[in-house]
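The structure appears below as structure tokens.
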Number of protein chains: 2
Amino acid sequence: MALRLSTLFLRTLREDPVDAEVDSHKLLLRAGYIRRAAPGIYTWLPLGLRVLRKVEAIVREEMDAIGAQEVHFPALLPKEPYEVTNRWVEYGDGIFRLQDRKGADYLLAPTHEEMFTLLVKDLYSSYKDLPLSIYQIQNKYRDEARPRAGLLRGREFIMKDSYSFDIDDAGLDASYMAHRGAYLRIFERLGLDVIPVAATAGAMGGSRSEEFLHPASIGEDTFVRSAGGYAANVEAVTTVVPEDIDFTNAPAAEVRDTPDTPTIDTLVAAANELAPRAEGSWTAADTLKNVVLAIDLPTGERQLVVIGVPGDRAVDLKRVEANIGAHLAIGGEVGVEAANDVDLKKHAEIVKGYLGPGLALDAALLGAEGSSKLLYLVDPRVVSGTTWITGANEAGKHVFGLVAGRDFGWDGTIEAVEVREGDPAPDGSGPLEAARGIEMGHIFALGRKYSEALDLKVLDRNGKLAVVTMGSYGIGITRAVAALAESNHDDKGLIWPANVAPAHVHVVAVGRGAEIFEAAAALTAELETAGLEVIYDDRPKVSPGVKFGDAELLGVPTILAVGRGLVDGVVEIKDRTTGNAENVPLADAVKYILDRQ
Amino acid sequence: MALRLSTLFLRTLREDPVDAEVDSHKLLLRAGYIRRAAPGIYTWLPLGLRVLRKVEAIVREEMDAIGAQEVHFPALLPKEPYEVTNRWVEYGDGIFRLQDRKGADYLLAPTHEEMFTLLVKDLYSSYKDLPLSIYQIQNKYRDEARPRAGLLRGREFIMKDSYSFDIDDAGLDASYMAHRGAYLRIFERLGLDVIPVAATAGAMGGSRSEEFLHPASIGEDTFVRSAGGYAANVEAVTTVVPEDIDFTNAPAAEVRDTPDTPTIDTLVAAANELAPRAEGSWTAADTLKNVVLAIDLPTGERQLVVIGVPGDRAVDLKRVEANIGAHLAIGGEVGVEAANDVDLKKHAEIVKGYLGPGLALDAALLGAEGSSKLLYLVDPRVVSGTTWITGANEAGKHVFGLVAGRDFGWDGTIEAVEVREGDPAPDGSGPLEAARGIEMGHIFALGRKYSEALDLKVLDRNGKLAVVTMGSYGIGITRAVAALAESNHDDKGLIWPANVAPAHVHVVAVGRGAEIFEAAAALTAELETAGLEVIYDDRPKVSPGVKFGDAELLGVPTILAVGRGLVDGVVEIKDRTTGNAENVPLADAVKYILDRQ
């Protein structure tokens, strides 16, 4: 049944709402698709709900096509499973928590790994039951510190989340790739350009992870890509590691007085004066900067680490956060910041501005009160045989010609410094350039983190209990609607891709004659009989300008105007995307539109 | 695509789960339709979700058919609108409350009157926009003190709630009747027997209200009905009011000493001894019992009322709770209980056991410390001219022949006493009998309670602002699934009505021969090509007994067994409802099944 604008629960707005920041948010509000109920919490009006359901249907079809089975979990969940995996603590302020009348703790789930794991544990017991992929399309909750951009970062939102269960790594790989393929098909059907981007697994744990980013200037995610097809989010970019250098003939390192050189700039200037280079000058890239960072662990403890990086590169704390986990004894999300004076006071061996490597290895310096061995990590560019100008761990002194692997060692390497445009892609596909995107989906080869924590084991082929390996895969459904609006609009309004438009045709009766409304109603009925969904603007006393304005604002792909041309037997058919309009004989109008679907 | 039991995410249970109380709960758990996530909170497995979606689809179609438009509100809502209507307070422990990271109060909505009212206020401004009916199918939350019976009384559940908006009472009546009709069609399509039962509006407010009760012995709602078609819940039953009696010739009332007669029984015995009746004996029905009740108001105050009722009838506190509102100055849900000693102490004029009417009217008794005029209400049977034996407001004394309307008055009448089987139906359709039912739906002609509180006004035909009148209508979707299971099962398992069954046909391959599995797979494919949904039990190593047991447990209407008969060219087709099985030639099987749909 056609949506008649005379009765449709809709009110379009002429002006941009004051609190809407981005185009998609403004237009979805102005076109009456959504309304705000609370910060980051939205109500779906009839047209918005139609778009939402179409997105859901496409996602559902592609999940079913890879054999995933739909289930539906509650949003209100008990605390206990999230305590077992420590996420009850790790999520901090990021989730909504509440108590029931008996004082039992609950949360509004941000994601359901624990519950799916427990459900499979409840139902399954043998490798013969695997592989299994199950999913849901369901309300999720996150208490975002700064909900923004309407549906793009909401506090109540709809996600499709799925979980795969396999007996071994090969199975997980197949499940992961099946989801990856399904995701690419989903975004293609939605008409949403996405780039799969290598990502770090972060707090989710696991071995492999990719984000599906929709390139958009308003995106919150920064990523880099090369002309040759490499793409990764900034946290996940890996450095091209230089080859080791033979240091057999390298001269011995030499400590020099370098008073008043606590910064890299002053050090470089001093070096060029004290010990000019044979060719060219010393630059910041020849110095090794040792940075002390404080890691706030999920346990509430605070641990210091020292990271040695080339002096020309700034430390990127988000990259440290994403990559430090492998070097810590415990898992979970950590906070990273520069060590402050209170931190440094506990380590008398740290000489600010003159910190060098080897510090933690120098037994003579250990044992000072409150002191303990500090973890020392280096940038991957610090390979054996590289030669550095760096601090001598003594005020006013630096050491020149210090050779990595000969004069100092390290506990491990870490991707800790900024990625720059022009850096080489790790796969050799050319220099990197930066871009911004909206995260539309994220897939994780989780491995055994959750199944181990929650003891999900099944009998394997040999009759022995084996821990199941898992994947977790999410698509933001409400966010997809926003991203579609963000990338499909002009200054007049929305321009929906055909697959998700709230209707196929927007019929506008222009003018006042009864014959116009009769012809428009007849065309509406014919189009519907032919299987198309129609919005019919049958409002009797609304001006043509307002009607056309609303049609362009609502953004249905084809606009069919029945008006003055009717006396000559023609109607106007306009393509909302191209703006092209044609006069078509009344009798041919339905066929003309059907041919374009 | 057929649901193949070799891969379907399903595990059936042989034994009844220990914590399941009612048949529907046991069977939905055993058949793998749902799993418990927390008390009163359930997860839907693939088969359960299919039933749920079919129920939703039927509800949606019938709502759309009456022109209601679907929207979708958040479940997480800000406190403020619920404060305006006082429901934030009135709900007490019955709702889930929480705070966000900024300390703002939220609730998980149990119902959405406030939000729909505000949304219409946001969008609409004229009587021309009305009538409007909008609805949603959405998660609801109630923190039940005793979640029970699985899906029948859950804490997270799915409801269809709709709201109508009209400019006048005639409009509201039309919207109410449209919903009423839609509800009857919904339950008919679901195959769910329901009785529309007159109900009190309770805390929802409003003028008219009906519950749709599904008769079931495990139902929580008691109602009464007559053979002639009357039905009402016990709170809403009205008494057949006798005609006034001419008291012109009635003798004067007489106070008598009746020591040691503080109860009705002792009073009746004393009356028969002291002043024997001309014909027959005095019975409890001839006495007027005056009961002091304490009303706990939503404001936290406590008010006493005295209710005069025939001595043979007990006071029904739930009926008082439902009906006292009309006599109180403020709205909202109240608690009612017998007055306790502390209450009574504040009213020196109350003589326990000898309380009579007229007390509050006796000016001489008023003005005692802490005393105030008590509201005096009577049962509708106390009409002018009726004659009573009742307390004389003095210890050890009763008054005989006290005539209502001559010797005492009252502030109002109230339905306060128990309804008994055998009482006449108020519409003259015969004696009442008691029954139990499950509340499947509830419709309310709300009137202007919410629109007044939230200031929803539109311009009327005369260009003046008029308060909109509203209706509110709910159907429990998850509860409908449970009620269907409760009323459609035998000792072997579930027996789904065709419209909501998870599939139309359950094909069972019985035996081990490859030809059996080939034939079963071919039939499955043919049935699906013909448009039927099929569960195919293709498990290779499961015994026939287990397969048939599972088929009967799952409850799909038609079971098609391919087994030993195949050598003779026949398959067995069994009707799950009747239990009738027939051997049908293989070639005719699909047509045979299609003819039965």
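The values are calculated or read from the model by the stated rules, or taken from the named source; none is laboratory data. Bear in mind the structure is a predicted one, so any value in this text is a computation, not a measurement. Glycine gets a Cβ as well: all are built from the backbone with ideal geometry, and neighbour counts include every protein chain shown.
The one condition from (1) under 25 Å from the mean Cα position of the chain (by Cα); (2) aliphatic (A, V, I, L, M); (3) facing chain A (nearest Cβ under 8 Å) that B:Leu98 does not meet is (1). Restricted to the range B:342-391, and to residues there that are of a type in the set (D, E, K, R) and modelled with pLDDT of 85 or more, the residue that is farthest from B:Arg319 (Cα to Cα) is B:Asp343. Checking B:Val500, B:Val505 one by one, the residue that is more than 30 Å from the chain's Cα centre (by Cα), at pLDDT 95 or above and among the aliphatic types (A, V, I, L, M) is B:Val505 and no other. Only one of the listed residues (B:Ile218, B:Ile245, B:Ile264) is over 19 Å from B:Asp379 (Cα atoms), of a type in the set (Val, Ile, Thr) and at pLDDT 85 or above. That residue is B:Ile218.
The criterion of being in contact (Cβ under 8 Å) with a residue 40 or more places away in the chain and within 26 Å of B:Leu76 (Cβ to Cβ) holds for B:Gly154. Test B:Ala314 against the stated conditions and say whether it is aliphatic (A, V, I, L, M), over 15 Å from B:Trp388 (Cα atoms) and not assigned by TED's automatic domain parsing to the domain that holds B:Tyr376. No.
Applying a threshold of 9 Å to beta carbon distances and a minimum spacing of six or more residues, or different chains, the list of pairs starting in the range B:123-135 at a residue that is at the interface with another protein chain (Cβ under 7 Å from one of its Cβ atoms) and ending at one that is surrounded by fewer than 19 Cβ atoms within 10 Å (Cβ to Cβ) and polar (S, T, N, Q) reads B:Leu132/A:Thr7. The strands (runs of 3 or more DSSP E) falling completely within the range B:279-344 that include 3 or more residues that are touching a Gly at 6+ places or on another chain (Cβ under 7 Å) map to B:287-296.
Look at the range A:32-47 and say how many of its residues are more than 8 Å from chain B (Cβ to nearest Cβ) and under 12 Å from A:Leu151 (Cβ atoms).
4
Scan the range A:277-284 and give yes if some residue there is closer than 22 Å to A:Ala236 by Cα, among the polar types (S, T, N, Q) and surrounded by 15 or more Cβ atoms within 10 Å (Cβ to Cβ), otherwise no. No, the conditions are met nowhere in the range A:277-284.
Summed over the range B:65-81, residues that are within 7 Å of another protein chain (Cβ to nearest Cβ) and farther than 18 Å from B:Asp161 by Cα total 1. Of the strands (runs of 3 or more DSSP E) lying entirely inside the range B:368-472, those containing at least 3 residues that are farther than 30 Å from B:Pro242 by Cα span B:432-447, B:457-459, B:465-467. Considering A:Leu13, A:Leu3, A:Leu52, A:Leu29, the condition of being over 20 Å from B:Gln138 (Cβ atoms) and within 9 Å of chain B (Cβ to nearest Cβ) is satisfied by A:Leu3 alone. Does the range A:212-233 contain any residue that is touching a strand residue (DSSP E or B) at 6+ places or on another chain (Cβ under 7 Å), within 26 Å of A:Pro131 (Cα to Cα) and not basic (Lys, Arg)? Yes, the range A:212-233 has at least one match. Restricted to the range B:101-122, and to residues that are of a type in the set (Ser, Thr, Tyr) and either assigned to a loop (DSSP other than H, G, I, E, B) or touching a residue at least 40 places away in the same chain (Cβ under 8 Å) (or both), which residue is nearest to the other protein chains (Cβ to nearest Cβ)? Ranking the qualifying residues of the range B:101-122, first place goes to B:Thr117.
Of the residues screened, B:Val84 is one that is away from chain A (no Cβ under 11 Å) and modelled with pLDDT under 95.
Tell me, which residue of the range A:376-394 that is of a type in the set (Gly, Ala, Ser) and closer than 25 Å to A:Asp257 by Cβ is surrounded by the fewest Cβ atoms within 10 Å (Cβ to Cβ)?
Checked the range A:376-394; the qualifying residue surrounded by the fewest Cβ atoms within 10 Å (Cβ to Cβ) is A:Ala392.
Looking only at the range A:541-597, residues that are under 15 Å from A:Leu523 (Cα atoms), in a helix (DSSP H, G or I) and free of Cβ contacts under 8 Å to residues at least 60 places away in the same chain come to 6 in all.
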